[in-house]
Amino acid sequence: HHEAFGEHTNISEGSKHKINLIRDNDPDFKRFEMHNYIFGSDMEHFSDLAWEVLGCYIAENDHLEELVLDHLQLTDEKMTLLFKHLNRSTSLKKLNLTGNNIGLDGIQSMI
């Protein structure tokens, strides 16, 4: 976790807090949103490891029901890293990927 979201990653404290809520399986945290107009600068600093770790945290979370990652310029490569583990999630019911640069490879990674 530290290498993906630690103090040297240039990710805001607000984003780190939300990611920690997912990691800690907080029963009250049911909707995770990241928008370019709110967290855009954070997304630019997400490493490949951060995308993969985030997917793992979401997959292991029993309470997160909605994931909103709209207008973040997500690519097929980032989607593949995110969904490497995320497709094991049993609680996720809604996924919003509006306004991203996802092609067939990114979509196939969701399966």
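The values are calculated or read from the model by the stated rules, or taken from the named source; none is laboratory data. This is a predicted model, so every value here is computed, not measured. Positions of Cβ are backbone-derived with ideal geometry, glycine not excepted, and every protein chain shown enters the neighbour counts. The protein model used for the area step is the full one, side chains on, heavy atoms only, and it has no ligands, DNA or RNA in it. Shrake-Rupley method; radii C 1.70, N 1.55, O 1.52, S 1.80 Å.
Just a few scattered comments:
- Computed over protein heavy atoms with a 1.4 Å probe, the accessible surface of the chain works out to 55 Å² per residue.
- Helix-only CD estimate at 222 nm, as mean residue ellipticity for the chain, using -39500 (n - 2.57) per DSSP H run (n ≥ 4): -13500 deg cm²/dmol
- Multiplying the residue separation of Asn96 and Asn10 by 0.36 nm and subtracting their alpha-carbon distance yields 28.5 nm.
- Pairs of Lys residues in the chain are counted when their Cα atoms are under 19 angstrom apart and they lie 8 or more places apart or on different chains; the count is 10.
- Only Lys, Arg, Asp and Glu carry charge here, each on its Cβ (+1 for the first two, -1 for the last two); on that basis the range 12-111 has a dipole of about 200 debye about its Cα centre.
- Surface composition of the chain: carbon and sulfur atoms hold 48% of the protein heavy-atom accessible area at a 1.4 Å probe.
- Three-way shape label, the range 66-109, alpha-carbon gyration tensor, a/c 1.5: oblate
- Modelled label positions at Glu66 and Lys30, each set 7 Å beyond Cα in the direction of Cβ, lie 0.9 nm from each other.
- For percent of Cα pairs over 17 Å apart, the value calculated from this model appears in (i) 63; (ii) 82; (iii) 50 under label (iii).
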